[in-house]
Structure formats: structure tokens, C-alpha cells
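Remarks on the structure that follows.
A short reminder: the numbers here are calculations on the coordinates, not readings from a lab. Because the structure is predicted, anything quoted here is derived from the model rather than measured. Here the Cβ positions follow ideal geometry from the backbone for every residue, glycine too, while neighbour counts run over all protein chains shown.
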Amino acid sequence: MENKRIILAIDDNAVQLRLFKEMLVPRYDLRAVKAASEALNFLNSNEVDLILLDIEMPNISGFEFLDDIRKIPSYISVPIIIVSGNNTEEFLNRARKSSAADVLTKPVNPNVLVSTIEKTLTLKT
């Protein structure tokens, strides 16, 4: 049996999480959480191959999550793709300068999402 790559999607929007599921399952083993704090708890006891991260979330923003996760030795090099509805130049510049591997804007095209994930995972290995 083939081992699927594990992707953690973090987004406070349930509709977006459902869309990720429709786009990525059965190709990947998709895990989904609605908050950065849930993601940190999940990552304490689980390994993932890639993270899809919304930035604008309550309590802990995606940028704060990025800073926090990069302090965990086993997650320093895990690729993170930012997927956000914010497409302002200021936001995109900040996102591109972050430790994320790539940045996509919502609504994301399923083919673009899959090809970006594949490219990112290929660069990681």
C-alpha cells in the first residue's frame, strides 16, 4: 500500500477546509484544523509533510504560527504554503519574505494547488 503524504490544512473557514478536502483527497492524507493553536497541539504528537496555512485567523495569526513553528526543531524545514484571501501588495510582500515555501491567493485553483504542493514536496526531498 502506498504511503500518502500527510498535509495539515489550517484555516478558520470550514468551507475552505471542505474545499481543500475536495481538492486533495484521495491523493493526500489531509488533516484539517480551524485554528493555529489546534495545529500546534496536533503537531506536538504528529508529523506532517507539508502545511497549508491561512494567515488571517483569530487568536494566533498565521504569521505568529510561522514564527512559533520554526522554533520547533523537527518543523524548521517542513514546507508551509500560505493560502490567503488577502492579495494586497503589502501582504504578499510580507508573505513572500516569511519562512513559507510559497504563497497562493484564494480562491485557489485546484490544479494550481496540487502542482504547487507537488513542486514544494519535490524540492523538500
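Hey, if you put +1 on the Cβ of every Lys and Arg and -1 on every Asp and Glu Cβ in the chain, which of I60, N87, P73 ends up farthest toward the positive end of that dipole? Value: P73. Between segment 79-95 and segment 24-71, what is the separation of their alpha carbon centroids in Å? Comparing the Cα centres of segment 79-95 and segment 24-71, I get a distance of 16 Å.
The count of lysine pairs in the chain with alpha-carbon distances below 22 Å, taking only pairs 8 or more places apart or on different chains, stands at 14. Take the chain and mark each of the trypsin sites (Lys or Arg not before Pro) that is in a DSSP loop with at most 13 other Cβ atoms within 10 Å; the longest unmarked stretch, sites excluded, is 72-125.
For V33, neighbours were defined as the other residues whose beta-carbon sits under 12 Å from its Cβ, and their charges (Lys and Arg +1, Asp and Glu -1) total -2.
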